[in-house]
Amino acid sequence: MFDLDRLIADCRAGLVEDQGGFRAVREVATRLVSDPGAVLAGLGEPQKGGLQVLHSAPDLTILNVVWGPKMTIMPHNHRMWAVIGVYTGAEDNIFWRRVPEAPDGVVEAAGAKSLRARDCTVLGKDIIHSVTNPLGRLTGAIHIYGGDFLAQERSEWDPETLSEQPYDLEKAKRMFADSGSR
C-alpha cells in the first residue's frame, strides 16, 4: 500500500545516503511505481489534471502530477535533479539544448524518451524538457525533486518561438487544471 510518510522518510534517507544526490531516491521511486495498483489505491484513481504537492521542503519536493489527455507542457528546466516515476498512463519527454549562437536563449530538440507505467527515470539539474501525455486518458506520475521545486527560479521556452522566459508556475498550474478529466 502507498504510504506517503514512508515515501518521504525513504527519500530523506536517500538524500542522506547520497549526500543530496538522486541515486537512492531513484531506487525509492522505482520500487514505488513497480506496483502501480498500490499507488492508485493510496492516491486514488486520477480524476482530473493537476499538480498535487505531497511534500515540500527546501531540499525535497514530491508531487503527484496528473497529465490531462493529450496534454503538452512547454519546454522548461528545473535547475535541480528530478526523479520521475509513472504509475498510470504515459509521459513522452522531448529533451532540448540551447542553441549557442541564437538570441533569447533559443533551444532546439536534442532527444526524446517515453515513459510508461512502472518506468522511472532521472533528469539532471541542467535538463530542459517538454512533456506530452500521448494518451486519450489521464496519466499519473510521482515527480521527486532535489530542492524546493515550488520556489526555484527557472525558465520556460515559448512553444512557438522557443525563446527563453521566466517560468510561470501559476500558468503551469492552470494548464494542468484545464487539461481535462476522466
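Observations on the model:
- Residue in segment 72-84 that is at pLDDT 95 or above, over 14 Å from the mean Cα position of the chain (by Cα) and either of a type outside the set (A, V, I, L, M) or closer than 24 Å to Ala112 by Cβ (or both) present: no
- Among the residues making up segment 149-167, those that are under 21 Å from Trp81 (Cβ atoms) and assigned to a loop (DSSP other than H, G, I, E, B) are Phe149, Leu150, Ala151, Gln152, Glu153, Arg154, Tyr167.
The rows are residues; the columns are (1) touching a residue at least 24 places away in the same chain (Cβ under 8 Å); (2) surrounded by 18 or more Cβ atoms within 10 Å (Cβ to Cβ); (3) outside any strand (DSSP E or B).
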{"residue": "Pro75", "(1), (2), (3)": "yes, yes, no"}
{"residue": "Arg79", "(1), (2), (3)": "yes, no, yes"}
{"residue": "Tyr87", "(1), (2), (3)": "yes, yes, no"}
{"residue": "Trp96", "(1), (2), (3)": "yes, yes, no"}
{"residue": "Leu115", "(1), (2), (3)": "yes, yes, no"}
{"residue": "Val131", "(1), (2), (3)": "yes, yes, no"}
{"residue": "Gly147", "(1), (2), (3)": "yes, yes, yes"}
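- Segment 14-67, subset part of a strand (DSSP E or B) and among the small types (Gly, Ala, Ser), residue surrounded by the fewest Cβ atoms within 10 Å (Cβ to Cβ): Ala57
- Of the residues making up segment 135-145, those that are surrounded by fewer than 23 Cβ atoms within 10 Å (Cβ to Cβ), part of a loop (DSSP other than H, G, I, E, B) and in contact with a strand residue (DSSP E or B) (Cβ under 7 Å, 6 or more places away or on another chain) number 1.
The values are calculated or read from the model by the stated rules, or taken from the named source; none is laboratory data. Since the model is a prediction, treat every value here as computed from it, not as a measurement. For neighbour counting, all protein chains shown are included, and Cβ atoms are generated from backbone atoms with ideal geometry for every residue, glycine included.
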